[in-house]
Amino acid sequence: MKKFLTILVAIILCVTMCVSFTACGKKSIGVQSGTTGQFFVDGDEEWGFEGIKGYKAKGYSNAGLAVADLKNGGSEYVIVDRDPALRLQAAIEGIKVIDIALTEEEYAFGVDKNQADLLKSVNDILASEEGKAKLAAIFEAYATGEGIAPFESAKKDSNKDQLVVATNANFAPFEYKEGDKFAGIDMEIAKYLADKLGLELVIEDMEFDSVVTSVGNNGIDIAMAGLTVNETRKQSVNFTSSYYNAAQVVITLAEDNSFAECKTAEDVLAVLKANR
């Protein structure tokens, strides 16, 4: 009887542990917390994502940490936006990008709902011929690997006319830091917008989960962080016109040849499900 009770307690403990770790029995895919990749893996009705059966999303503060854990055996794959994925592939040995789009997304900037004039001004600037040429030049600079010189943020001062931008500077090539200076596509666009608006640029670097919800609080005017437009985020901000089409892709280990015959998103998902 005592032996039976011991076994029963062990079973209960095992079940409890499985419940507490909601993905008991599932493999993991590394993602940047709060991003489209997380919703794509776990599933989300609002985003229209069914999820990837047999996997759970394992969140990290940035994709670089997700890749490091992938190499250490902490997850099976990483799913992240295409451009950051390609940047990681170029910088880190032992991984490769399966360059097949799993999603179709639009990036835009999220403006304080109480600043309709700012929203209109940003849209007008980006839609102008000069604005289109400037964005094309910025994208071209990062596409060729030349980039643009990093710059320092001004200090926030309520007595000055400033454009205060919320970002998460762990998302190259869109936003990242070199020492204490900021660089990246979104940061260059932020600097351009501030110049055109005649405002001093202040950049607030924070966790990605806080970027959108911070807008309208503590003087923050706009979120610029490789943001995919969706209905939940629209509750917090008014989005500008889209400036970039994005997609999620898989990162795997360099020796993994299981995706070699893949040509479509359905092919990639079939391999993931077969390997679960």
Dividing the mean separation of Cα pairs under 8 Å (6+ apart) by the residue count of region 61-171 yields a relative contact order in percent of 22
Of 240, 264, which has the most accessible area and how do the rest follow, probe 1.4 Å? 264, 240
For residue 195 and residue 127, compute 0.36 nm times the residue count separating them, minus their Cα-Cα distance, and round to one decimal in nm. 22.9 nm
If ligands, DNA and RNA are left out, what is the accessible area of residue 258 with a 1.4 Å probe, given in Å² to the nearest 10? 50
Given 71/273; 71/181; 120/160; 113/177; 120/177; 113/160, which pairs have Cα atoms separated by over 24 Å? 71/181; 113/177; 120/177
So the carbon and sulfur contribution to the accessible area of the chain, 1.4 Å probe, in percent, is 50
Applying the gyration tensor rule to the Cα atoms of region 104-219 (axes a ≥ b ≥ c; rounded if a/c under 1.5, else prolate if a/b exceeds b/c, else oblate), the class is rounded
No solvent, one uniform scatterer per C-alpha: report log10 I(q)/I(0) for region 140-276 via the Debye equation at q = 0.19, 0.21 1/Å, two decimals. -1.11, -1.26
Just subtract the alpha-carbon distance of residue 261 and residue 235 from 0.36 nm times their residue separation and send over the number in nm, one decimal. 5.2 nm
Order the peptides 88-94, 70-76, 38-44 from the highest to the lowest mean number of other Cβ atoms within 10 Å of their residues. 38-44, 70-76, 88-94
With both bridge residues required to lie in region 165-214, what share of the DSSP beta bridges run antiparallel, to the nearest 5%? 60
Rounded to whole Hz, the Karplus (6.51, -1.76, 1.60) HN-Hα couplings of region 126-131, x for glycine and proline: 5, 8, 5, 4, 5, x
On full extension of the chain, what length is gained from residue 274 through residue 33, given 0.36 nm per residue of separation minus the C-alpha to C-alpha distance? 84.2 nm
Have a look at the DSSP beta bridges in region 110-215 and tell me what percent are antiparallel, nearest 5. 50
Rough spin-label spacing in nm, given labels placed 7 Å along Cα→Cβ, for residue 50 and residue 146: 4.5
Computed over the chain, the relative contact order (Cα-Cα under 8 Å, seq sep at least six) in percent reads 27
May I ask you to derive the FRET efficiency for residue 159 and residue 96 from their Cβ-Cβ distance with R0 = 41 Å, giving the value to the nearest 0.05? 0.20
Could you do me a favour and compute the accessible area per residue for the chain, 1.4 Å probe, result in Å²? 51
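The values are calculated or read from the model by the stated rules, or taken from the named source; none is laboratory data. Predicted model only: the values in this text are computed from it and were never measured. Note: ideal-geometry Cβ built from the backbone for every residue, glycine included; neighbour counts use all protein chains shown. The area values use the complete protein model at the heavy-atom level, side chains included, leaving out ligands, DNA and RNA. Shrake-Rupley method; radii C 1.70, N 1.55, O 1.52, S 1.80 Å.
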